[in-house]
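Trainee: I have a structure I would like to understand better, so I am pasting it below and will then ask my questions one at a time.
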Amino acid sequence: MKDNKFETTQRKLERITGRWWFYLVFVVVQFMIPPYVAKGYDWTKGGEILGSIFSQAIIESWKPVYPLFKIIPVVLVLLIIFIKNKVTRFFSIYVAISYILFAVLQNIAITEEYGLAIVTGNVVMFLIVAVSWAWEAIAKENDFTPEKQPVWKYWVTPLAFLAFWYPLNPQTMQPDFNPLYLLTSSAGLAFCLMTPVYLTMLTFYYPRVNLVTLRITSLVGAIIVFYNMWVNFLFKPELLWWNGVLHIPLLTISIYGLVISLRKRTV
């Protein structure tokens, strides 16, 4: 039986996240929070600063533990399939921790040019997503009890698998369908590649999920992928086109999750 206090808070959050101004605030924040650099900041070189941060981000030093962050989510998903709601809280806690790691590892770097550098807007966004999953661990709105699903709902699965695999050669940035990348790629610690996986879980079990978590995760995913698509396909398409293709799961599943989360829910 759910705590009435949590239930009341959940309903209030659902009303707030269903308002048009809520989404406007998220978009505006992207333009209001500039990156932080310890030295040599020049706002006219914003693109160069972001490129420097992403190319030297802390995540590069975590390569030895990439396999661990591939194995854990797979194990959790399998446990959900076999023991269902007994593991949903652990799943939500792990996802919340993952988004905290995404915020830190992908958006903070110690660079030669700028010293400590932070993509502040992304950090804020990712931490908000982390809070939404932490809230779900408390509210326990997600119900992963299996029910017969229409076949069309499975369309998200191959896209999520592609993102999780991330078949890209890190040296050439070209397609490389090495099966070892299922274990060794950086996807397990990357916002753009794990978000499709987590959203797939929510959209598959919709409408018996936390709408607040689904809305916030989908919204931030849609905002972040917009910038990624611009960089991959318009800024350096000759080098990054395949990376752009591998962001299509985030684009499509985020939009899908956002759309269904705003529909009138009938459980």
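The values are calculated or read from the model by the stated rules, or taken from the named source; none is laboratory data. The model shown is predicted, which means the values in this text are computed figures rather than measured ones. Here the Cβ positions follow ideal geometry from the backbone for every residue, glycine too, while neighbour counts run over all protein chains shown.
Trainee: Return yes when Glu48 is touching a helix residue (DSSP H, G or I) at 6+ places or on another chain (Cβ under 7 Å) and of a type in the set (D, E, K, R) and no when it is not. Walk me through how you get there before you give the answer.
Mentor: Numbers: touching a helix residue (DSSP H, G or I) at 6+ places or on another chain (Cβ under 7 Å): no; of a type in the set (D, E, K, R): yes.
When the stated conditions are applied, Glu48 does not pass them.
Trainee: Now a separate question. From the list Ile100, Ile72, Ile80, exactly one residue is closer than 22 Å to Leu182 by Cβ, surrounded by 13 or more Cβ atoms within 10 Å (Cβ to Cβ) and under 17 Å from the mean Cα position of the chain (by Cα). Which is it?
Mentor: Details: Ile100 fails: closer than 22 Å to Leu182 by Cβ; Ile80 fails: under 17 Å from the mean Cα position of the chain (by Cα).
On inspection, the qualifying residue turns out to be Ile72.
Trainee: From the list Leu183, Leu162, Leu193, exactly one residue is part of a helix (DSSP H, G or I), farther than 13 Å from Tyr66 by Cβ and of a type in the set (A, V, I, L, M, F, W, C). Which is it?
Mentor: On the way: Leu183 fails: farther than 13 Å from Tyr66 by Cβ; Leu193 fails: farther than 13 Å from Tyr66 by Cβ.
Only one candidate qualifies: Leu162.
Trainee: From the list Pro170, Pro179, Pro237, which residue is at pLDDT below 95, surrounded by fewer than 22 Cβ atoms within 10 Å (Cβ to Cβ) and farther than 25 Å from Val123 by Cα? Write out each step before concluding.
Mentor: Numbers: Pro170 fails: farther than 25 Å from Val123 by Cα; Pro179 fails: at pLDDT below 95.
It is Pro237.
Trainee: For the range 7-121, list the helices (runs of 4 or more DSSP H) that sit wholly inside it and hold at least 1 residues that are touching an Asp or Glu at 6+ places or on another chain (Cβ under 8 Å); which are they?
Mentor: Working: elements: 20-32, 46-55, 68-83, 88-107.
Once the helices (runs of 4 or more DSSP H) in the range 7-121 are filtered for at least 1 residues that are touching an Asp or Glu at 6+ places or on another chain (Cβ under 8 Å), what remains is 46-55, 88-107.
Trainee: Further question on the same structure: Please find, among Asp42, Asp3, the residue that is at pLDDT below 85 and under 25 Å from Ser261 (Cβ atoms).
Mentor: Numbers: Asp42 fails: under 25 Å from Ser261 (Cβ atoms).
Just a single option satisfies the conditions, and that option is Asp3.
The rows are residues; the columns are (1) more than 30 Å from Arg15 (Cα to Cα); (2) touching a strand residue (DSSP E or B) at 6+ places or on another chain (Cβ under 9 Å); (3) of a type in the set (A, V, I, L, M, F, W, C); (4) modelled with pLDDT of 95 or more.
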{"position": "Tyr198", "(1), (2), (3), (4)": "no, no, no, yes"}
{"position": "Leu202", "(1), (2), (3), (4)": "no, no, yes, yes"}
{"position": "Tyr205", "(1), (2), (3), (4)": "no, no, no, no"}
{"position": "Leu214", "(1), (2), (3), (4)": "no, no, yes, yes"}
{"position": "Ala222", "(1), (2), (3), (4)": "no, no, yes, yes"}
{"position": "Asn243", "(1), (2), (3), (4)": "yes, yes, no, yes"}
{"position": "Gly257", "(1), (2), (3), (4)": "no, no, no, yes"}
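Trainee: Of these, Phe91, Phe82, which one is closer than 16 Å to Met201 by Cβ, free of Cβ contacts under 8 Å to residues at least 12 places away in the same chain and of a type outside the set (A, V, I, L, M)? If you could, list the steps in order and put the result at the bottom.
Mentor: Numbers: Phe91 fails: free of Cβ contacts under 8 Å to residues at least 12 places away in the same chain.
None of the others qualify; the one that does is Phe82.
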